[in-house]
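**Q** I'd like to ask you about the structure that follows.
The values are calculated or read from the model by the stated rules, or taken from the named source; none is laboratory data. Just so it is clear, the model here is predicted, and its values are computed rather than measured. Here Cβ is always computed from backbone atoms with ideal geometry, including for glycine, and neighbour counts include all displayed protein chains. Surface areas here come from the heavy atoms of the whole protein model, side chains and all, with no ligands, DNA or RNA. Shrake-Rupley method; radii C 1.70, N 1.55, O 1.52, S 1.80 Å.
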Amino acid sequence: MASALLFALLSAALLASTSTPRVEARAFFVFGDSLVDVGNNNYLATTARADAPPYGIDYPGRRATGRFSNGFNIPDLISQSIGQSESPLPYLSPSMGGSKLLIGANFASAGVGILNDTGVQFVNIIRIGQQLQYFQQYQSRVSQIIGPAEAQRLVNQALVLITLGGNDFVNNYYLVPFSARSRQYTLQNYVPFIISEYRKVLKRLHGLGARKVLVTGTGPLGCVPAELAQRSRNGECSAELQRAAGLFNPQLTQMLLSLNSELGSDIFIAANTQLTHYDFINNPQAFGFVTSKVACCGQGRYNGVGLCTPLSNLCPNRDVYAFWDPFHPSERANRIIVQQILTGNLDYMNPMNLSTVLAMDSQT
């Protein structure tokens, strides 16, 4: 663990000084939940949205875009790393058309999970099955612009990011005491169930042409300010939610490696975002954070109660907070996460990091 922490510290220190390998900009597709949503939910009648200040306070133009962040989120930073001039638009955006389609598309929707019944309290969100249907629709639209063969090549050569799983615990299994899913499954049986459902999603994604897919695990679910506010007495992480993350993430990695073996190629790459979070949660000062327990924007204990709104407490310097709101990392924390996606060793990225992917592709 000490060596992993040292590696993380070195990566963070090099963040501003190293140049990221760049290749000719490729298309980029994003699927998942609020950690990677860039504004699809703005176009839906749902409570799961981030389209009002102070969201976006550090984003260019200081505007709330639907990102659950004070500034850039993980897809934005990955887009920059692969040489794109801009992050793919939310698929539901009225501006999504023409040459914008060739950049890629973001299909993510805050609140969704692996399971269809995850996030039902948010009512109108783009569940993962619908996100994949939109991906099919996207390919038909692109085919009309550049032809079917070029459209297939664009998709095959694209980078894909998918982030699911956290909501299946926080907004499903543990949403209320004695939830339907917790009565149906013990935790030990629930995790293999959602892993098996996730496998079906990923096989469908591969069937739709995805050939290089970053799959992030959950963060340390029991350590986010919302859970500290609800479950912690003295600032300790929730043991039950930590147990859930501790079961889910290793099984996810094993499933991805098994799927790669079945497909005969390293299609899926496991990003151990739980370990990356742990590095700065366990030792925030080493990363320049003053706290990893208190959210920058919120109210109540640890600023972890309710939503981030214009009436919330707001910290003056977002860069020294690991968490922006009760559930989501700050932009600076996202930068550390993306740096590990780029350069992390096998503890963080299995079977390879994104820099290796870019380097391999530049030689072909």
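**Q** Hey, any hits in the stretch 329-350 for a residue that's within 25 Å of residue 197 (Cα to Cα), crowded, with 19+ Cβ neighbours inside 10 Å, touching a strand residue (DSSP E or B) at 6+ places or on another chain (Cβ under 8 Å) and of a type outside the set (A, V, I, L, M)?
**A** yes
**Q** Could you tell me which residue of the stretch 121-158 is surrounded by the fewest Cβ atoms within 10 Å (Cβ to Cβ), considering only residues that are among the hydroxyl-bearing types (Ser, Thr, Tyr) and in contact (Cβ under 8 Å) with a residue 40 or more places away in the chain?
**A** So in the stretch 121-158, the residues among the hydroxyl-bearing types (Ser, Thr, Tyr) come out as 134, 138, 140, 143.
Within this subset, residues satisfying the condition of being in contact (Cβ under 8 Å) with a residue 40 or more places away in the chain are 134, 138.
Numbers: 134: 18, 138: 21.
The selected residue is 134.
**Q** Out of the residues in the stretch 295-325 that are of a type in the set (Phe, Trp, Tyr) and under 18 Å from residue 110 (Cβ atoms), state the one that is surrounded by the fewest Cβ atoms within 10 Å (Cβ to Cβ).
**A** Kept after step one, since they are of a type in the set (Phe, Trp, Tyr), are these residues of the stretch 295-325: 302, 321, 323-324.
Checking the rest, the ones that are also under 18 Å from residue 110 (Cβ atoms) come to 323-324.
Working: 323: 31, 324: 33.
My answer is 323.
**Q** For the stretch 133-146, indicate whether the set of residues that are assigned to a loop (DSSP other than H, G, I, E, B) and either modelled with pLDDT under 95 or not polar (S, T, N, Q) (or both) is non-empty. Explain how you work it out, then say what you get.
**A** Step one: list which residues in the stretch 133-146 are assigned to a loop (DSSP other than H, G, I, E, B), which gives none.
There is no residue in the stretch 133-146 that is assigned to a loop (DSSP other than H, G, I, E, B) and either modelled with pLDDT under 95 or not polar (S, T, N, Q) (or both).
**Q** Oh, and also: Tell me, which residue of the stretch 32-44 that is open to solvent by 20 Å² or more (accessible area, probe 1.4 Å) and in a loop (DSSP other than H, G, I, E, B) is nearest to residue 110 (Cα to Cα)? Write out each step before concluding.
**A** Of the stretch 32-44, the ones open to solvent by 20 Å² or more (accessible area, probe 1.4 Å) are 35, 42-44.
In the following step, the residues that additionally are in a loop (DSSP other than H, G, I, E, B) were identified as 35, 44.
On the way: 35: 7, 44: 11 Å.
The extreme case among them is 35.
**Q** Being farther than 16 Å from residue 37 by Cα and touching a residue at least 12 places away in the same chain (Cβ under 8 Å) is the filter here; which residues of the stretch 52-79 pass it? Full working, then the answer.
**A** Restricting attention to the stretch 52-79, the residues satisfying the condition of being farther than 16 Å from residue 37 by Cα are 53-54, 57-58, 60-62.
53, 54, 57, 58 - these are the residues of the stretch 52-79 that are farther than 16 Å from residue 37 by Cα and touching a residue at least 12 places away in the same chain (Cβ under 8 Å).
**Q** If you take the residues of the stretch 254-294 that are of a type in the set (Ser, Thr, Tyr) and within 18 Å of the chain's Cα centre (by Cα), which of them is surrounded by the fewest Cβ atoms within 10 Å (Cβ to Cβ)? Lay out the reasoning, then the answer.
**A** Taking the stretch 254-294 and keeping what is of a type in the set (Ser, Thr, Tyr), we get 258, 261, 265, 273, 276, 278, 291-292.
Still in the list and also within 18 Å of the chain's Cα centre (by Cα): 273, 276, 278.
On the way: 273: 24, 276: 29, 278: 21.
So, considering only residues that are of a type in the set (Ser, Thr, Tyr) and within 18 Å of the chain's Cα centre (by Cα), the one surrounded by the fewest Cβ atoms within 10 Å (Cβ to Cβ) is 278.
**Q** Kindly provide the set of residues from the stretch 93-109 that are of a type in the set (A, V, I, L, M, F, W, C) and under 21 Å from residue 153 (Cβ atoms), ordered by number. So that I can check it myself, show each step before the final result.
**A** So in the stretch 93-109, the residues of a type in the set (A, V, I, L, M, F, W, C) come out as 96, 101-103, 105, 107-108.
Selection gives 96, 101, 102, 103, 105, 107.
**Q** Considering only residues that are in contact with a Gly (Cβ under 7 Å, 6 or more places away or on another chain) and among the hydrophobic types (A, V, I, L, M, F, W, C), which ones fall in the stretch 305-364?
**A** Answer for the stretch 305-364, where residues must be in contact with a Gly (Cβ under 7 Å, 6 or more places away or on another chain) and among the hydrophobic types (A, V, I, L, M, F, W, C): 305, 308, 320.
Yes/no per residue for (1) part of a helix (DSSP H, G or I); (2) touching a Ser or Thr at 6+ places or on another chain (Cβ under 6 Å):
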position	(1), (2)
46	no, no
51	no, no
56	no, yes
69	no, no
97	no, no
102	yes, no
114	no, no
124	no, yes
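For every residue, the table says whether it meets (1) assigned to a strand (DSSP E or B); (2) open to solvent by less than 30 Å² (accessible area, probe 1.4 Å); (3) closer than 17 Å to residue 135 by Cα.
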| position | (1), (2), (3) |
| --- | --- |
| 160 | yes, yes, yes |
| 169 | no, yes, no |
| 175 | no, no, no |
| 182 | no, no, no |
| 189 | no, no, no |
| 201 | no, yes, yes |
| 210 | no, yes, yes |
| 218 | no, yes, no |
| 222 | no, yes, no |
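**Q** Within the stretch 99-120, track down each residue that is open to solvent by 10 Å² or more (accessible area, probe 1.4 Å) and more than 25 Å from residue 192 (Cβ to Cβ).
**A** Of everything in the stretch 99-120, those that are open to solvent by 10 Å² or more (accessible area, probe 1.4 Å) and more than 25 Å from residue 192 (Cβ to Cβ) turn out to be 99, 100, 102, 103.
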